[in-house]
Amino acid sequence: MNEQPLNGVKVLELGSLIAGPFAGRLFGDFGAVVIKVEPPKVGDPLRKWRMLKDDTSLWWYVQSRNKKCITLNLRTKEGAQIIKKLACEVDVIIENFKPGTLEKWGIGYEDLKKVNPKIIMVRISGYGQYGPYSKKPGFGSIGEAMGGIRYLSGYPNLPPVRTGISIGDSIAAIYAVMSAMMALYHRDIGGGEGQFIDVALYEAIFSLMESMVPEFDQFKFIRERSGNTLPGIAPSNIYLCGDGKYIAIGANGDSIFARLTQAMNRMDLNENEEFKSNDGRAANMKYLDEQIEKWTKTMSIDDALKILDKYQIPAGKIYNIEDMFNDVHFKARNMIETVKINDKENLKVPGIVPKFSKTPGKIKWAGLSLGANNKEIYQGMLGYKDEELSKMEEEGII
């Protein structure tokens, strides 16, 4: 029997674009029934983001895989009543509207708790549900800026840069899923009640900021942009090889650095007492990086990797997506899977993370068409009749 760990869990996804829907995707990957609610006719804006195929975003097929898609106008009284009915059927609700929006429509946590006291509601927003900034609109990019990662990204004396993905939204989504599972455990195993969970995008990023808080507290130290290095940790950088390609090498462990000096045939570096521990190496980071790059420039990246692998030094190429498609390790771990779209065409999509030994995740289907599961959910779950659905469709409710 190939059970999935979240079989039996039901999730209602009210969010759009990235943070809420990515959380829904993670639930769906591991067996939860995820019901995604979209506005009638237009749907989630993500359907039109980035590169389109046959008028549908390729990202959509990834972000909305394993979800049942229904349409519903949340701004109507009838829509609010349907959400209350759905809230009685599910375990978790995910939403990423601006704080106060659902309350305005009569479907905030306090409203839904009245119909289902056991409901767990995960609320993702830019700044959280309370505080001076809570009513401001917030996107992941702004959360990244306020949370600290933008300030640290890039090179000294140049403007801050962003990562090439919406990392703030994705980190917040991972927190959303993790916290929902904790709440489910508390409710179902610990005998507790339902609750709402407040995930702020800027706090999700801020939580990753390592030792910045105590360093500022004790020394008034402000960590600055440092390019490809990590101040205080050495050697760890990217280095140019003789064929013009860059290799990433992380030899900041004491024993690893000793092995690197052997690989480089530079035992003089290992014999230097100052370089035997990280604090001494960090004080001489520029010199060590220069010596390592002198060595990598004498060979191709493939030859450098062979030597570094032999001496068990963490090292690797800097992959683009084509490299990932062709890599034997990606293939061995099924990190690029094939799904069907439009019932006929194959599409490559990212595989499941993480790997479970007994109850693995699974991609059952790619993102579906707008309202694909309206009948299944409204009739099968909520008991509406054909004529009621037709009337609601005519009135723009679904």
Under a cut-off of 20 Å between alpha-carbon atoms, report the aspartates and glutamates in cross-link reach of residue 348, not counting same-chain residues fewer than 8 places apart. 29, 54, 55, 322, 323, 327, 337
Computed curve, the chain, Cα-only Debye sum without solvent term, log₁₀ I(q)/I(0) at 0.09, 0.11, 0.12, 0.14 Å⁻¹, is -0.68, -0.94, -1.05, -1.26
Note, residue 58: beta-carbon cut-off 15 Å, +1 each Lys/Arg, -1 each Asp/Glu, net +3
Value of Rg to Rh for the stretch 258-390 (Rh from inverse mean 1/r over Cα pairs, i.e. Kirkwood): 1.29
Over the C-alpha atoms of the stretch 236-318, what are the Rg and the largest Cα-to-Cα span, Dmax, in Å? 11.7, 33
Evaluate 2.2 N^0.38 Å with N set to the residue count of the stretch 99-218, then give the Cα radius of gyration divided by it. 1.25
Shape descriptor, the stretch 27-107: equivalent ellipsoid semi-axes (Cα gyration tensor, sqrt 5λ, whole Å, largest first) stand at 24, 17, 11
The lysines whose Cα lies under 17 Å from the Cα of residue 355, excluding any fewer than 8 residues away in the same chain, are 331, 364
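Just so you know, all these numbers are worked out from the coordinates, no wet-lab data involved. All values reported here derive from a predicted model rather than from experimental measurement. We place every Cβ from the backbone using ideal geometry, glycine too, and count neighbours over all the protein chains shown.
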